[in-house]
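Asks: Let me begin by handing over the structure; questions about it come next.
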There are 2 protein chains.
Amino acid sequence: MTVARLTDSERDALLAELPEWQLREDGLAIVRTFRFADFSEAWGFMNRVALYAEKADHHPEWFNVYNRVEVTLTTHDADGLSARDAAMARAMETFL
Amino acid sequence: MTVARLTDSERDALLAELPEWQLREDGLAIVRTFRFADFSEAWGFMNRVALYAEKADHHPEWFNVYNRVEVTLTTHDADGLSARDAAMARAMETFL
């Protein structure tokens, strides 16, 4: 299924809405590094995201070591950012 | 707490025991990429590892996207590989 790519203005609005997120250099993804008190807290967050991801059938690229979680969101079917990434980024903020 | 670094012969024995694991270029870590059927299966594996990690107070560096899990094991307190990494790698194999 093809997914609509965000227009430039939609992307700019998203970045304005979510100032903690940065546009990746190639413009095709948004990234954020989360830091927690410890692994337990980081893993609790990641589990909530995992449940969201499975339900939404949209999955993050992410790296974890101890209390740090580095997230990259992009939509391969859109060759860039889509509304799915926007929704997931917003969901992550509610899990903090 | 200082943790003993594996000797060269201990490291070589570990790599012989776990042929799916590779020594990182700098020799300070072992790495393995796991591939699963889907995100659900990957996440199930990662949760088992997370419980192990928290109990052992030794945490992996890992990257996940959908069904792929890239793991790096090293012990900062040993400036390289220790028995903790060997134990965690063995544990991961039992979770497959």
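None of the figures in this text is laboratory data; all of them are computed from the coordinates on show. Predicted model, so just to flag it, every value in this text is computed and none were measured. Reconstructed Cβ throughout: ideal geometry from the backbone, glycine too, with neighbour counts over all protein chains shown.
Asks: When the Karplus curve 6.51 cos²θ - 1.76 cosθ + 1.60 is applied with θ = phi - 60°, which whole-Hz ³J(HN,Hα) does each residue of region A:32-42 get, with x for Gly and Pro?
Replies: 8, 9, 9, 10, 10, 5, 6, 5, 4, 5, 4
Asks: Residue A:59's amide H: which non-local residues (gap 5+, or another chain) put their own amide H closer than 5 Å, with H modeled 1.01 Å from N in plane and none for Pro or chain starts?
Replies: none
Asks: Can you list the distances in nanometres, one decimal and ascending, from the residue A:87 label point to the identical position in each other copy, with the point 7 Å along Cα to Cβ?
Replies: Copy-to-copy label distances for residue A:87: 4.3 nm.
Asks: Give me the three principal axis extents of the protein assembly as shown from the C-alpha atoms, as integers in angstrom, largest value leading.
Replies: Cα extents, longest axis first: 58, 33, 28 Å.
Asks: May I ask for the percentage of alpha-carbon pairs in region B:1-50 that lie more than 17 Å from each other?
Replies: 52
Asks: Compute the orientation-averaged projected area for chain A from the convex hull of its Cα atoms and round it to one decimal in nm².
Replies: Quarter of the Cα hull surface area: 5.8 nm².
Asks: Fewest to most neighbouring Cβ within 10 Å: what's the order for B:20, B:25?
Replies: The most exposed by this proxy come first: B:25, B:20.
Asks: Rounded, prolate or oblate: pick one for region A:35-82, where a ≥ b ≥ c are the square roots of the eigenvalues of its C-alpha gyration tensor, a/c under 1.5 means rounded, and failing that, prolate if a/b is larger than b/c, else oblate.
Replies: Here region A:35-82 falls in the oblate category.
Asks: Quick one: 3J(HN,Hα) in Hz for region B:6-23, Karplus 6.51/-1.76/1.60 with θ = phi - 60°, rounded, Gly and Pro as x.
Replies: Couplings: 4, 6, 4, 6, 5, 4, 5, 5, 5, 5, 5, 6, 10, x, 6, 9, 10, 6 Hz.
Asks: Going by the rotation axis that takes chain B to chain A, pick out the residue of B with the closest C-beta and quote the gap in whole Å.
Replies: Closest to the rotation axis on chain B: B:63, 2.
Asks: Here's a follow-up. Taking neighbour Cβ counts within 10 Å as the exposure measure, how do B:58, A:76, A:59 sort from fewest upward?
Replies: A:76, B:58, A:59
Asks: Given a cut-off of under 8 Å on Cα pairs at least six residues apart, what relative contact order in percent is computed for chain A?
Replies: This gives 36 percent for chain A.
Asks: Given H placed on each backbone N at 1.01 Å, which residues far from residue A:24 in sequence or on other chains put an amide H within less than 5 Å of it?
Replies: Distant-sequence amide H within range of residue A:24: A:29, A:30, A:31.
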